1. Out of all the residues in segment 201-228, which are modelled with pLDDT of 95 or more and closer than 25 Å to P245 by Cβ?
2. Looking at segment 315-329, is at least one residue over 30 Å from L254 (Cβ atoms), part of a loop (DSSP other than H, G, I, E, B) and modelled with pLDDT of 95 or more?
3. How do the pairs read when you match residues in segment 273-287 that are in contact (Cβ under 8 Å) with a residue 40 or more places away in the chain and over 16 Å from L192 (Cβ atoms) with residues anywhere that are charged (D, E, K, R) and part of a helix (DSSP H, G or I), using Cβ under 6 Å and keeping only pairs 6 or more apart or on different chains?
4. Quick test of your reading of the structure: S133 fulfils all but one of (1) in contact with a strand residue (DSSP E or B) (Cβ under 7 Å, 6 or more places away or on another chain); (2) surrounded by fewer than 24 Cβ atoms within 10 Å (Cβ to Cβ); (3) at pLDDT below 95. Name the failing condition by number.
5. In contact (Cβ under 8 Å) with a residue 24 or more places away in the chain, closer than 21 Å to I53 by Cβ, touching an Asp or Glu at 6+ places or on another chain (Cβ under 7 Å) and surrounded by fewer than 23 Cβ atoms within 10 Å (Cβ to Cβ), is that true of I349?
6. Just to be sure before I move on: is S135 in contact with a Phe, Trp or Tyr (Cβ under 9 Å, 6 or more places away or on another chain) and either of a type in the set (D, E) or part of a helix (DSSP H, G or I) (or both) in the structure I sent?
7. Quick one: which residue in S62, S106, S84 is more than 24 Å from the chain's Cα centre (by Cα) and in contact (Cβ under 8 Å) with a residue 24 or more places away in the chain?
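The values are calculated or read from the model by the stated rules, or taken from the named source; none is laboratory data. Bear in mind the structure is a predicted one, so any value in this text is a computation, not a measurement. Note: ideal-geometry Cβ built from the backbone for every residue, glycine included; neighbour counts use all protein chains shown.
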Amino acid sequence: MTAQDQSLYDRVTASFAARFGDAPDLVVRAPGRVNLIGEHTDYNDGFVLPCAIGPATMVAVSKRNDNNVEVIAADFGDAGDQFSLELPLERNVEQPWADYVRGMISALQNEGCALSGAKIAIAGSLPKGAGLSSSASLEVALGKAMSALAGIDIDNTRLAQIAQRAECDFVGTQCGIMDQLISAQGKAGHVLLIDCRNLGLTDVPVPDDVAIMIVHSGVTRGLVDGHYNARRRQCEAAAAAMGVPALRDADLELLAAASLDAVTKMRARHVITENQRTLDAADALAKSDLATLGMLMAQSHASMRDDFEITVPPVDALVAMLQKAIGAQGGARMTGGGFGGACVAVMPIAMVADVQAAITAEYRTPEGNAPIIMVERPGPGVAIL
């Protein structure tokens, strides 16, 4: 167990013991993720290139002798939520974090899983609002914990699909499958090229001398507030206008001939070109061609900024600083759903110290603070500890 995981394990088990008076039956860890390239392509049946990272969510659980669930969140001052498995679950308007718990349990029940009552403590090491999938890691960790507690063996890909339904149907974010699938299926030392149509996974090794840097802009983002869902509706409208099942099936020639308003055409152009960039990026990384990868990442960010319109000025400034510091030896772009959050950069490990020093010196968050910088290697997916 890494030092980061040990600290998180100690925190979640201490929170559990303080509230419930004993040790949990089991603890589950599910990682966050960073997506190297392939943004807003997953719900368009396209391709993405994420990896699991070190920061994670841990869920500590024990079985109860009734059908009630009591859950506390260590990251929210041990705030609690209680509900019965025998009643239809509704959203908790006072505590939005609890909706991910309620939503995942509801989704498991809808799949026919006979769950038991439970005592649950949750803690995470992922920065909130950074675009590193703290919500998906919570859903996957909780799903694995609740199913294991009930003696139900769920395949990790199916677990990811159930978690996606929890976020779409209960929480209300019409997300794709990427975040949940990489949290469930991550592989140490590899990014995964995911075909979001058939959920095919292709391992792409990350060379030992290549570093992945994540820099949090300090601009906190939220997905449910309309922007994300609006982009999905625009993409679906574009696909329908071109007569294809999804934008994954379109090309620029088909787009040029389509009768679409200018904004919808821009949205579609981003997805169509991003899909090809993602395939090319996987190939470049496998060949350790960081110059080509960097070029593709720069094109991706420009497309997110100009065609998909999901970046914000502080993020654009941070990406420009990263690109300047890295030069032609790698690249940088915004990662995540947009409207703030984190940037991801890829570079030789030998450059990490200099790039980190440059960003620490030049960039300040909107509050005037130095940014959070994480240097990661791809890690494993969900596991019972």
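1. L201, T202, listed by residue number.
2. No, there is no match, as no residue in segment 315-329 is over 30 Å from L254 (Cβ atoms), part of a loop (DSSP other than H, G, I, E, B) and modelled with pLDDT of 95 or more.
3. Short answer, once both residue conditions are applied: none.
4. (2)
5. yes
6. yes
7. Working: S106 fails: more than 24 Å from the chain's Cα centre (by Cα); S84 fails: in contact (Cβ under 8 Å) with a residue 24 or more places away in the chain.
None of the others qualify; the one that does is S62.
Yes/no per residue for (1) surrounded by fewer than 24 Cβ atoms within 10 Å (Cβ to Cβ); (2) part of a loop (DSSP other than H, G, I, E, B):
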residue	(1), (2)
A141	no, no
M146	no, no
T157	yes, no
Q174	yes, yes
L181	no, no
